[in-house]
Amino acid sequence: MPDVLDASPYDALLLLSFGGPEGPDDVVPFLENVTRGRGIPTERLKEVGQHYFLFGGVSPINDQNRALLEALRKDFAEHGLDLPVYWGNRNWAPYLTDTLREMVRDGHRRILVLATSAYASYSGCRQYRENLADALATLEAEGLELPRIDKLRHYFNHPGFVEPMIDGVLESLADLPEDARAGAHLAFTTHSIPTAAADTSGPVEDHGDGGAYVRQHLDVAQLIADAVRERTGHDLPWQLVYQSRSGAPHIPWLEPDICDHLEERRAAGAPAVVMAPIGFVSDHMEVLYDLDTEAKAKAEELGLPVRRSATVGADPRFAAAVRDLVLERAGLERGQEVTPCALGALGPSHQLCPVGCCPSRAPRPAAAGADSPYA
């Protein structure tokens, strides 16, 4: 039997994700949840939902979260970590509030949260914290005893997150025509966000010039490019590019877009491009449509060979990384000396989001941070 690992004072882990529709009838209600408060007409939501309808109205994200949930439970059991794992979503069933209510009724009082977003940004961190605060406010209004909730730190540079992506890029390179491999370009992709949101991502001291969001992605891209050079002997050119823009045209968002980048690479004579979606934990809709459908169609139009490398998904190394992050945070909460595991130039991220970190345009309460009303 494995040695028993100590997660105390925590008694449960919550996998917190975005959620997605699981059938055609779910698409518009799901998009209404995502865009609530913006006054977007139903007809416009049906247009946006065409991406989902192309895949039968089903987002892959829920099945991928189920796979990750099982990978975490398997890893924890095999390593003697007695910590139940629950799953809740922001925008679709199982809803966060319902899952948190279930956890409270099951007797859990110290809960760790793993968000399926590795980087600092409003939409990737603070918005999840606001959702947690909303859920806690609902449970409080219902007269339930509130648990204490802490969020695991950003894991963008944890080896268990980076190493599967390195392998994915190497496999994609090996799949290219042999004469294109040595000169292939690496396009590291992530979700575009408004430049104003990027500039204020992370702690206040990181604000400006893309903020922590851009710096963290650049750090991961450099780690992968360095590993590719060491393992192949080829120092391949690379660039951080963006995808999945959804905002109004007059609002500046991070650029260049992946399709524009493919045009530029083709014009510059690149023999091939590997698209590496480092900003995404799993192959959800933005990856399946924006890269596997739209960007690949653009590359075919250009006559440019492209490959898309795998995301981390439910890789056992990622599950092991989550176990490491749980034990790290638990040890710190018990007052032990802990050395957080991180690669790259930036080092481990903060354990507790400070005041002013990834602020929203309209301030709202957010749990699991220094400014939390639920200490």
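With the requirement that a residue be surrounded by 22 or more Cβ atoms within 10 Å (Cβ to Cβ) and closer than 22 Å to Phe156 by Cβ, what does the stretch 291-310 give you? Outline the logic, then answer.
We begin by selecting, within the stretch 291-310, every residue surrounded by 22 or more Cβ atoms within 10 Å (Cβ to Cβ); these are 291, 295, 299, 306, 308-309.
Of everything in the stretch 291-310, those that are surrounded by 22 or more Cβ atoms within 10 Å (Cβ to Cβ) and closer than 22 Å to Phe156 by Cβ turn out to be Leu291, Arg308, Ser309.
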Taking the stretch 81-101 and the residues there that are part of a loop (DSSP other than H, G, I, E, B) and closer than 16 Å to Glu22 by Cβ, the one that is nearest to the chain's Cα centre (by Cα) would be Arg90
Checking Thr293 against (1) outside any loop (DSSP other than H, G, I, E, B); (2) closer than 28 Å to Arg215 by Cβ, only one condition comes out false. Which one? (2)
Helices (runs of 4 or more DSSP H) wholly in the stretch 1-70 with at least 3 residues that are open to solvent by less than 70 Å² (accessible area, probe 1.4 Å) and modelled with pLDDT under 90 - which ones? 42-48
If only one of His207, His185 is open to solvent by 10 Å² or more (accessible area, probe 1.4 Å) and in contact with a strand residue (DSSP E or B) (Cβ under 7 Å, 6 or more places away or on another chain), which one is it? His185
Starting from the stretch 248-264, keep only residues that are assigned to a strand (DSSP E or B), then list their pairs with residues that are of a type in the set (Lys, Arg) whose Cβ atoms are within a distance under 8 Å, requiring at least 6 positions of separation or different chains. Trp253/Arg245; Asp257/Arg245
Among Ala342, Ala368, which is open to solvent by less than 60 Å² (accessible area, probe 1.4 Å), over 15 Å from Ala120 (Cα atoms) and under 21 Å from the mean Cα position of the chain (by Cα)? Ala342
Considering each residue of the stretch 299-339, count those that are in contact with an Asp or Glu (Cβ under 7 Å, 6 or more places away or on another chain) and in a helix (DSSP H, G or I), and give that number. 8
Among the candidates Gly183, Gly143, single out the residue that is in contact with a His (Cβ under 9 Å, 6 or more places away or on another chain) and among the small types (Gly, Ala, Ser). Gly183
The stretch 223-265, residues that are surrounded by fewer than 19 Cβ atoms within 10 Å (Cβ to Cβ) and of a type in the set (D, E, K, R): Asp226, Arg229, Glu230, Arg231, Asp235, Arg245, Glu255, Asp260, Glu263, Glu264
Being outside any loop (DSSP other than H, G, I, E, B), open to solvent by 40 Å² or more (accessible area, probe 1.4 Å) and either β-branched (Val, Ile, Thr) or in contact (Cβ under 8 Å) with a residue 40 or more places away in the chain (or both) is the filter here, so list the residues in the stretch 102-128 that pass it. Arg110, Tyr122, Ser123, Gln127
Got a number for residues in the stretch 169-199 being farther than 18 Å from Tyr242 by Cα and hydroxyl-bearing (Ser, Thr, Tyr)? 1
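The values are calculated or read from the model by the stated rules, or taken from the named source; none is laboratory data. What you see is a predicted model, and the numbers here were worked out from it, not measured in a lab. Note: ideal-geometry Cβ built from the backbone for every residue, glycine included; neighbour counts use all protein chains shown. For accessibility, only protein heavy atoms count, side chains too; no ligands or nucleic acids. Shrake-Rupley method; radii C 1.70, N 1.55, O 1.52, S 1.80 Å.
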